[in-house]
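Q: Quick one: the structure is below, questions incoming.
The values are calculated or read from the model by the stated rules, or taken from the named source; none is laboratory data. Not measured: the values here are computed from a predicted model. Quick reminder, even Gly has a Cβ in these numbers, built from the backbone with ideal geometry, and neighbours come from all protein chains shown. The accessibility values were calculated without ligands, DNA or RNA, using every heavy atom of the protein model including side chains. Shrake-Rupley method; radii C 1.70, N 1.55, O 1.52, S 1.80 Å.
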Amino acid sequence: MRKLFSVMVPAAFAAAPAEAAPRLLDCVAEMVCVTRVDSVCDKVDLSYAMEVPRKTGDKLILTTAEGERFFEFRRLDDAPGVLVQAAGGALEPGQGAGAMTVFDDLGFVLTRHSLLPLDGAGSPSSAVAITIHGRCEARR
């Protein structure tokens, strides 16, 4: 009987349905940093909505409360401890590659490479990394 129990218990756990990952997330950016040689960070409160894509290669789009597409990436392969990770190229002039990771605890980091005039509109542009830190929650 003991041998039968030891086989049945793992089988019962394997047959239990896994909790589904959230598909719709509401995310809030809490801090934005612009990095070149040094970093300048500012606290922010920017809201985004995101639908988690199902398959590798599907689009991950962050939209603002006004419905504007703000960031667009392609889903990458799954990784342990990560709800979704995605990357993509430029969407407009002066913009480079970007990436986003939403971890299982729903904290996120988004980074975009850009070419920006750091000292005002007429100044020469500098290559920078813009990094956004924040949290998401499952939409109910």
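Q: Which one of these is in a strand (DSSP E or B), of a type in the set (Gly, Ala, Ser) and open to solvent by 50 Å² or more (accessible area, probe 1.4 Å): ALA127, ALA49, ALA29, ALA121?
A: After applying the criteria, what remains is ALA127.
Q: Turning to a different aspect of this structure: Could you list, in sequence order, the residues of the stretch 99-130 that are closer than 16 Å to ALA29 by Cα and not hydrophobic (A, V, I, L, M, F, W, C)?
A: Once the filter is applied, which keeps residues that are closer than 16 Å to ALA29 by Cα and not hydrophobic (A, V, I, L, M, F, W, C), the stretch 99-130 yields THR101, ASP105, GLY107, THR111, ARG112.
Q: Something else: Return yes when LYS59 is touching a Pro at 6+ places or on another chain (Cβ under 7 Å) and closer than 20 Å to ARG23 by Cβ and no when it is not.
A: yes
Q: Are there any pairs, at least 6 apart or on different chains, whose C-beta atoms fall under 8 Å, with the first in the stretch 50-67 and in contact (Cβ under 8 Å) with a residue 40 or more places away in the chain and the second buried (at least 16 other Cβ atoms within 10 Å of the Cβ) and part of a loop (DSSP other than H, G, I, E, B), and if so, which?
A: If the second residue must be buried (at least 16 other Cβ atoms within 10 Å of the Cβ) and part of a loop (DSSP other than H, G, I, E, B), the pairs left are VAL52/PRO22; LEU60/VAL52; LEU60/PRO53.
Q: A further question follows. In the list LYS43, LYS59, LYS3, which residue meets the criterion of being of a type outside the set (S, T, N, Q), modelled with pLDDT of 90 or more, loosely packed, with under 10 Cβ neighbours inside 10 Å and more than 16 Å from ALA138 (Cα to Cα)?
A: Exactly one residue qualifies, and that residue is LYS43.
Q: Kindly evaluate GLY94 against the criterion of being loosely packed, with under 14 Cβ neighbours inside 10 Å and without any contact (Cβ under 8 Å) to a residue 24 or more places away in the chain.
A: When the stated conditions are applied, GLY94 does not pass them.
Q: Moving to a separate point now. Name the single residue, out of those in the stretch 71-91 being of a type in the set (A, V, I, L, M, F, W, C) and loosely packed, with under 15 Cβ neighbours inside 10 Å, that is farthest from TYR48 (Cα to Cα).
A: Within the stretch 71-91, the match that is farthest from TYR48 (Cα to Cα) is ALA79.
Q: Right, here's the next one. Taking PHE103, is it modelled with pLDDT under 95, among the aromatic types (Phe, Trp, Tyr) and either open to solvent by 80 Å² or more (accessible area, probe 1.4 Å) or farther than 17 Å from ILE132 by Cβ (or both)?
A: no
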